[in-house]
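Undergrad: To start, I am sharing the structure in question, which I have written as structure tokens.
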Amino acid sequence: MIENYNLEGVREWYDLSGRNIVITGGAGILGGEMACMLVGCGANVAIMDRDPSLADRFMDRLGCGPGCAIVVFGDVLQREILEQTEAQIRAEFGPVDTLINAAGGNSPRATTGADLSFFDIPPEAVRFVFDLNILGTILPSQIFGRTMARQGQGNILNVSSMNALRPLTRIPAYSAAKAGVSNFTQWLAVHMAQEYSPNIRVNAIAPGFFHTTQNHYLLFDEKTGALTARGKSIIDHTPMKRFGVPQDLLGAVLWLLSPAAEFVSGAVIPIDGAFSAFSGV
Ligand SMILES: NC(=O)c1ccc[n+]([C@@H]2O[C@H](COP(=O)([O-])OP(=O)(O)OC[C@H]3O[C@@H](n4cnc5c(N)ncnc54)[C@H](OP(=O)(O)O)[C@@H]3O)[C@@H](O)[C@H]2O)c1
């Protein structure tokens, strides 16, 4: 039992007023959902994407406040552009205290199937997936993490995948890349706490199967709209018997970014309807 338990303080944990948050890939399906929630909790949110116009689909919800959102161009694979983006956000909000690395994904060209064996996956396709997920997490962590190191305070949240825990069939590069993201999350958590400040936390979420545009072709038959054999197998192996929806991520994201998780760093939280916990029996 915690003595002098301050219930008022607990209620304030999820008020993110005054926080300056940047989300890479923020105009995507999952990043956009996080942006709406964080603006709703009072944060200033910079939605960074290489195609900022995609954020239009969230604009009506972002405008509701009480926080505010800006949409900025940024490419997580280009350091110079990231530096310009950092300066732009700083001019608008002040220094960033929270980075969400949500840009990432797989490529059909790095996915085995009837037309493509593992042995024939081109190196460029593997490199694309590794760059996007690993380099695309490390570079923004360098640019925005430096500001956090200077301030002695900050929060980095990476987006790994349940693939990192249990590699899935057909997507070797994506599984290995996300394992790299989980590993880097632990490395950076230790590095920031030891070298800069124990008040800089680094965590990750590991979403399971969320039905989005990126994976639609793997889960649903293009012609009939019915579940593919793979889609059906996923549902059969998910104890909660459904795909995730973007809102399923929000509680864990909010918790990890809030003072409620003050002693949590280096954690990778699965959000997968218990898929990764299920042995199949
Ligand atoms: N959906 C799932 O089931 C699932 C499961 C586990 C993990 N995840 C991870 O969750 C994250 C978000 O996924 P999502 O489903 O929301 O995908 P999404 O809708 O494709 O969002 C990703 C966003 O990142 C952008 N992006 C790509 N390359 C970029 C670059 N070089 N610089 C800046 N932005 C870039 C994409 O733009 P373009 O559209 O132009 O490429 C897109 O707007 C990814 O890391 C993904 O691997 C997703």
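The values are calculated or read from the model by the stated rules, or taken from the named source; none is laboratory data. These numbers were taken from a predicted model, which means no experiment stands behind them. Cβ: placed from backbone, ideal geometry, glycine included. Neighbour counts: every protein chain shown.
Undergrad: Pairs under 8 Å by beta carbon, first residue among the charged types (D, E, K, R) and modelled with pLDDT of 95 or more in the range 227-245, partner assigned to a loop (DSSP other than H, G, I, E, B) and surrounded by 12 or more Cβ atoms within 10 Å (Cβ to Cβ), six or more apart or different chains?
TA: Matching pairs, first to second residue: Lys241/Gly273; Arg242/Gly273.
Undergrad: Something else now. I want to confirm something. Restricting to the range 57-72 and keeping residues that are in a helix (DSSP H, G or I) and not charged (D, E, K, R), which single residue is nearest to the ligand (Cβ to nearest atom)? Spell out the reasoning first.
TA: Narrowing the range 57-72 to residues in a helix (DSSP H, G or I): 57-62.
Restricting the remaining residues to those that are not charged (D, E, K, R) gives 58-59, 62.
Working: Phe58: 11, Met59: 15, Leu62: 15 Å.
Of everything passing the filter in the range 57-72, Phe58 is nearest to the ligand (Cβ to nearest atom).
Residues checked against (1) outside any loop (DSSP other than H, G, I, E, B); (2) among the charged types (D, E, K, R); (3) touching a strand residue (DSSP E or B) at 6+ places or on another chain (Cβ under 6 Å):
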site	(1), (2), (3)
Ile205	yes, no, yes
Thr212	no, no, no
Thr224	no, no, no
Ser233	yes, no, no
Arg242	no, yes, no
Ser276	yes, no, yes
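Undergrad: Scan the range 47-58 and report the pairs whose first residue is within 18 Å of Gly104 (Cα to Cα) and whose second residue is assigned to a strand (DSSP E or B) and near the ligand (Cβ under 6 Å from one of its atoms), with Cβ atoms within less than 9 Å and a gap of 6+ or a chain change.
TA: Hits for this filter: Met48/Thr24; Asp49/Thr24; Ala55/Asp49.
Undergrad: Exactly one condition in (1) farther than 26 Å from Thr213 by Cβ; (2) under 20 Å from the mean Cα position of the chain (by Cα) is not met by Val129; state its number.
TA: Condition not satisfied by Val129: (1).
Undergrad: Quick one: Asp75 ticks every box in (1) out of contact with any Lys or Arg (no Cβ under 8 Å at 6 or more places or on another chain); (2) in contact (Cβ under 8 Å) with a residue 12 or more places away in the chain; (3) surrounded by fewer than 22 Cβ atoms within 10 Å (Cβ to Cβ); (4) not in a helix (DSSP H, G or I) except a single one, so which number is it?
TA: Checking Asp75 against (1) out of contact with any Lys or Arg (no Cβ under 8 Å at 6 or more places or on another chain); (2) in contact (Cβ under 8 Å) with a residue 12 or more places away in the chain; (3) surrounded by fewer than 22 Cβ atoms within 10 Å (Cβ to Cβ); (4) not in a helix (DSSP H, G or I), the one that fails is (1).
Undergrad: Mind listing just one residue for me: the one in the range 124-181 that is surrounded by 21 or more Cβ atoms within 10 Å (Cβ to Cβ), in a loop (DSSP other than H, G, I, E, B) and of a type in the set (Ser, Thr, Tyr) and, of those, nearest to the ligand (Cβ to nearest atom)?
TA: Looking at the filtered set, the residue picked out is Ser161.
Undergrad: Using the structure shown, decide if Ile134 is out of contact with any His (no Cβ under 6 Å at 6 or more places or on another chain), over 20 Å from Asn20 (Cα atoms) and among the β-branched types (Val, Ile, Thr).
TA: yes
Undergrad: Filter the range 1-42 for residues that are assigned to a helix (DSSP H, G or I), within 10 Å of the ligand (Cβ to nearest atom) and of a type in the set (Val, Ile, Thr) and give the result.
TA: The answer is Ile29, and nothing else.
Undergrad: Something else about it: Is it the case that the range 43-56 has a residue that's in a loop (DSSP other than H, G, I, E, B), modelled with pLDDT under 95 and within 16 Å of the ligand (Cβ to nearest atom)? Break it down stepwise before answering.
TA: Our first condition is that a residue be in a loop (DSSP other than H, G, I, E, B); within the range 43-56, this holds for 43, 50-51.
If we keep only those that are modelled with pLDDT under 95 too, we end up with 51.
Those still in the list that are within 16 Å of the ligand (Cβ to nearest atom) too: 51.
Yes, the conditions are met somewhere in the range 43-56.
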